[in-house]
Amino acid sequence: SNAVIYTVALSDPLARDRNPRLLRRLAEATGGLAFEPRQMRAFADALHDINRDIRSGYTLGYQSANLTRDGGFRELQVRAIAADGRRLKVRSRAGYVAARERRGA
């Protein structure tokens, strides 16, 4: 799936199975964001930030010049520059897995 994942870690700081870094890596790998609010107000702020991010994002299409269908990982790097020359902050996934050649089709 090409889903963007947003994580909100609500955990007991004393719990042994707590792993907010895993949630952060999952969110970043998909182009999403990770939150670890410590207070109820911060929890509400995290949900507000996720809502704003979903509603203000753009989807870009890309067609690779590499037509090799080997199932390999293709790294991507996205840069954006505003009309006035400022570099814009871009959050995207690190790449994608190329389709494999279908046998017998």
**Message:** Within region 72-79, does at least one residue satisfy the condition of being in contact with a strand residue (DSSP E or B) (Cβ under 9 Å, 6 or more places away or on another chain), closer than 30 Å to ARG103 by Cα and aromatic (Phe, Trp, Tyr)?
**Reply:** yes
**Item:** Failed criterion for LEU14 (all others in (1) modelled with pLDDT of 85 or more; (2) open to solvent by 60 Å² or more (accessible area, probe 1.4 Å); (3) not small (Gly, Ala, Ser) hold)
**Value:** (1)
**Item:** Contacts under 9 angstrom Cβ, first residue in region 31-60 being without any contact (Cβ under 8 Å) to a residue 12 or more places away in the chain and closer than 23 Å to ARG21 by Cβ, partner of a type in the set (Phe, Trp, Tyr) and open to solvent by less than 60 Å² (accessible area, probe 1.4 Å), 6 or more apart
**Value:** ALA42/PHE35; ASP45/PHE35
**Prompt:** Residues in region 53-105 that are open to solvent by less than 100 Å² (accessible area, probe 1.4 Å) and assigned to a helix (DSSP H, G or I): how many?
**Reply:** 2
**Prompt:** Can you name every residue in region 66-97 that is modelled with pLDDT under 85, more than 28 Å from ARG24 (Cβ to Cβ) and aliphatic (A, V, I, L, M)?
**Reply:** LEU67
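Does ALA27 meet the test of being of a type outside the set (Asp, Glu) and under 21 Å from VAL97 (Cα atoms)?
yes
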**Request:** From (1) within 17 Å of ALA3 (Cβ to Cβ); (2) acidic (Asp, Glu); (3) assigned to a loop (DSSP other than H, G, I, E, B), pick out the condition that doesn't hold for GLU28.
**Result:** (3)
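The values are calculated or read from the model by the stated rules, or taken from the named source; none is laboratory data. Everything numeric here is computed off the predicted structure, so don't read it as measured data. All Cβ positions, even for glycine, are placed from backbone atoms using ideal geometry, and neighbour counts span all protein chains on display. In case anyone asks, the SASA skips ligands and DNA or RNA and just uses the protein heavy atoms, side chains included. Shrake-Rupley method; radii C 1.70, N 1.55, O 1.52, S 1.80 Å.
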